[in-house]
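Data block below; observations after.
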Amino acid sequence: QQQVKQSPQSLIVQKGGISIINCAYENTAFDYFPWYQQFPGKGPALLIAIRPDVSEKKEGRFTISFNKSAKQFSLHIMDSQPGDSATYFCAASIGAAGNKLTFGGGTRVLVKP
Amino acid sequence: GAVVSQHPSWVICKSGTSVKIECRSLDFQATTMFWYRQFPKQSLMLMATSNEGSKATYEQGVEKDKFLINHASLTLSTLTVTSAHPEDSSFYICSAPSGRAYNEQFFGPGTRLTVL
């Protein structure tokens, strides 16, 4: 049973546009929600993370929106650049950031110049 | 951010041999590390939690005799794929909680295993 569902599977956006990736979770015990960026052949890199006590967090061009009642969270990439072309994973964990992560299925983002 | 390294970055071996992959936290100590495998164009699948000073905790369906994990020190965990077969070919990635402000997990660069 997939506990974190991610959509879309792939996304094409023009340079300067907004990339939006959505995730939904089932386990209400999850209380830490990070997003990771992965380039081919590399390990995932932490982008941004949020806890359920806030509804939005912004770091540079990356924003997480969190809806606790709907059990959904999303990543917005503003002013998308070709260098943002990568696979993005949402994840969730229980209890603390250092606990084991449950990953979404991933979204391959292609930013066209 | 905190740095996690893996060695080797890639390895090719013959079927039936064993392969050891190292995961090191370079600038912090980690009592816990996690091991994942990732197939092409798929998500990360947690295999096991490596615990310093005690036995690893394996996820359901992961053969503990097949994937031996040893957390030798606060900066080193190893994954040994025993009697590797072609179906074990995958991208293996480790992660470790940084122990810093929000204890975020940082991932290693991954190890590509190809079993012929």
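The values are calculated or read from the model by the stated rules, or taken from the named source; none is laboratory data. The structure displayed is predicted, hence computed values, not measured ones. Note: ideal-geometry Cβ built from the backbone for every residue, glycine included; neighbour counts use all protein chains shown. Side chains included, ligands, DNA and RNA excluded: accessible areas come from the protein's heavy atoms. Shrake-Rupley method; radii C 1.70, N 1.55, O 1.52, S 1.80 Å.
Per the listing B:A2, B:A96, the residue uniquely within 11 Å of the chain's Cα centre (by Cα) and of a type outside the set (F, W, Y) is B:A96. Only one residue in B:T32, B:T49, B:T80 is of a type outside the set (G, A, S) and more than 8 Å from chain A (Cβ to nearest Cβ), so which one is that? Every option except B:T80 fails the conditions.
At least 3 residues being among the aromatic types (F, W, Y) is the threshold, and among the strands (runs of 3 or more DSSP E) wholly inside segment B:7-116 those reaching it are B:32-38.
In segment A:27-85, of all residues being within 14 Å of another protein chain (Cβ to nearest Cβ) and among the acidic types (D, E), the one that is least open to solvent (accessible area, probe 1.4 Å) corresponds to A:D31.
Does B:A72 satisfy the criteria of being touching a Lys or Arg at 6+ places or on another chain (Cβ under 9 Å), more than 10 Å from every other protein chain (Cβ to nearest Cβ) and either closer than 25 Å to A:Q37 by Cβ or not β-branched (V, I, T) (or both)? In short, no. Within segment B:88-116, which residues are open to solvent by 30 Å² or more (accessible area, probe 1.4 Å), closer than 22 Å to B:Q42 by Cα and either modelled with pLDDT of 95 or more or among the basic types (K, R) (or both)? Across segment B:88-116, the qualifying residues are B:S89, B:P109, B:R112, B:T114, B:L116. B:G61 meets the stated requirement of being more than 15 Å from the chain's Cα centre (by Cα), without any contact (Cβ under 8 Å) to a residue 12 or more places away in the chain and at positive phi. Please specify each residue of segment A:1-26 satisfying the condition of being buried (at least 20 other Cβ atoms within 10 Å of the Cβ) and either more than 14 Å from chain B (Cβ to nearest Cβ) or not aliphatic (A, V, I, L, M) (or both). Matches in segment A:1-26: A:Q6, A:S19, A:C23, A:Y25.
Cβ separations smaller than 8 Å between residues 6+ apart or across chains give the following pairs from segment B:28-44 residues that are free of Cβ contacts under 8 Å to residues at least 12 places away in the same chain and on the phi < 0 side of the Ramachandran plot to residues that are open to solvent by 20 Å² or more (accessible area, probe 1.4 Å) and in a loop (DSSP other than H, G, I, E, B): B:Q42/A:G105; B:S43/A:G105.
Restricting segment B:13-29 to residues that are open to solvent by 20 Å² or more (accessible area, probe 1.4 Å) and farther than 23 Å from A:Q38 by Cα leaves a set whose member that is nearest to the other protein chains (Cβ to nearest Cβ) is B:Q29. Do the conditions hold for A:G17, that is, is it among the small types (G, A, S), more than 24 Å from B:F91 (Cβ to Cβ) and modelled with pLDDT of 95 or more? For A:G17, the condition - among the small types (G, A, S), more than 24 Å from B:F91 (Cβ to Cβ) and modelled with pLDDT of 95 or more - is met. In this structure, A:G95 does not satisfy being modelled with pLDDT of 95 or more and farther than 13 Å from A:I12 by Cα.
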